[in-house]
1. Going through the DSSP H helices of the chain, which span 30 Å or more along their own axis at the Cα atoms while scoring at least 0.5 as a mean Kyte-Doolittle hydropathy?
2. If you count only protein heavy atoms with a 1.4 Å probe, what accessible area per residue comes out for the chain, rounded to a whole Å²?
3. Per-residue accessible area for SER68 at 1.4 Å probe radius, Å² rounded to 10?
4. Which value, to two decimals, describes the C-alpha radius of gyration of the chain once divided by 2.2 N^0.38 Å?
5. What's the carbon and sulfur percent of the chain's accessible surface, probe 1.4 angstrom, rounded to a whole number?
Amino acid sequence: MNSGGAGTGSLKSYTIGFLLSVMLTVFAFAVVIKGAALPRWFVWTGIGFAAVVQILVHLHYFLHLDSSSEARWNVLALIFTVLIMILFVGGTLWIMYDLNVRMM
């Protein structure tokens, strides 16, 4: 039977993903806690970096999205979902900005 999706991971894969997730979360918390001693741009950049890497770790280690042929349709569905989300959020912000300008 062909499942058409990505396969499951091993215990080693899940452990690596979990440890990377914990380290990235601790890094983000440390940047925020030490925020008073760090420049503001560094705090925002550190949080953003940790967030993007955290997303990539979750996609690879837990959702098993990679370049294999089994996962290609899942990656395309993810890209389509991200595109739709960008359109919704961008359109909403555009409308809210326009309404704000018209009300002033």
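The values are calculated or read from the model by the stated rules, or taken from the named source; none is laboratory data. Remember, it's a predicted structure, so these values are computed and weren't measured experimentally. With ligands, DNA and RNA removed, areas are computed over all heavy atoms of the protein, side chains included. Shrake-Rupley method; radii C 1.70, N 1.55, O 1.52, S 1.80 Å.
1. Working: long enough: 11-33 (33 Å, 2.01); 72-103 (46 Å, 1.43).
What comes out of the filter, once short or polar helices are dropped, is 11-33, 72-103.
2. Working: 8520 Å² over 104 residues.
Value returned for the chain: 82 Å² of accessible area per residue.
3. For SER68, solvent-accessible area is about 40 Å².
4. That ratio works out to 1.48.
5. On the way: 6510 of 8520 Å².
In the chain, the share of accessible area belonging to carbon and sulfur is 76 percent.
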